[in-house]
Every structure is written in structure tokens, then in C-alpha cells.
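Asker: What follows is a structure written as C-alpha cells; I'll ask about it next.
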Amino acid sequence: MKHRRGIGLAPSDHHAVEIDTVTLTTLPQWSVIYACCRACRHQTLIERRELARRCGRDMSLAELAKRLKCQRCGNRFGNLLFLETLPRD
Ligand SMILES: [Zn+2]
């Protein structure tokens, strides 16, 4: 994979969110959060409720990203968050 995606850059057809300011409280209900490990590229869906329980609802997503630990390799550094917007029916 040549191109790097920085934190907060969603896939092209999704709009990016300001993760420095967005918290679990202000994040739209229909957004889901994915985490990607920089070391082993493991990707996982993050449960918002789980995040809220562990870190609280008032922490910005940028701060949350720093606290993530890869479930596969244990890496804590440089992990990325991606937001995906679910279709609303
Ligand atoms: Zn990993």
C-alpha cells in the first residue's frame, strides 16, 4: 500500500470528520469507527459503547486513537481511526 491515510481521512466516498474535536457524544449515531494498526495493519470495528465505557464520552477521537492497543500485536503507537457512515433508512 503506497499511499498513507492520516487520522481522520475517511475513504473517498465518506466525508471526513474533525476527530480533534469530535467525541463519542457529538459523533453522529450512524457513524461507525474502525481502528487500523500501523504495525501489523490489523483492522477492527470498535464498539462505541465499549469505547465510551473505557474512556468516557468526552474524549476526542484523536485522544482515543492514542489509547488504542492492537488486539493482534499489542502495538499502541500510530494507530489510526477511520469513520464510516452507515446508510440511513
Ligand atoms: Zn497490530
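Asker: Return the total of residues in the stretch 37-89 being among the polar types (S, T, N, Q) and in contact with a Ser or Thr (Cβ under 9 Å, 6 or more places away or on another chain).
Answerer: Of the residues in that region, 3 qualify.
Asker: Related question: So, restricting to strands (runs of 3 or more DSSP E) that lie completely within the chain, which ones have at least 3 residues that are touching a Leu at 6+ places or on another chain (Cβ under 7 Å) and modelled with pLDDT of 90 or more?
Answerer: The qualifying strands (runs of 3 or more DSSP E) are 31-36.
Asker: Out of the residues in the stretch 57-89 that are exposed (fewer than 13 other Cβ atoms within 10 Å of the Cβ) and closer than 15 Å to Ser31 by Cα, which is nearest to the ligand (Cβ to nearest atom)?
Answerer: By that ranking, first place goes to Leu86.
Asker: Within the stretch 40-56, work out how many residues are away from the ligand (no atom under 16 Å from the Cβ) and under 20 Å from Glu84 (Cα atoms).
Answerer: Matching residues across the stretch 40-56 total 6.
The values are calculated or read from the model by the stated rules, or taken from the named source; none is laboratory data. Only a predicted model underlies this, so the values are computations on that prediction, with no experimental measurement involved. When we count neighbours, we look across all protein chains shown, and the Cβ atoms used for this are built from the backbone with ideal geometry, even at glycine.
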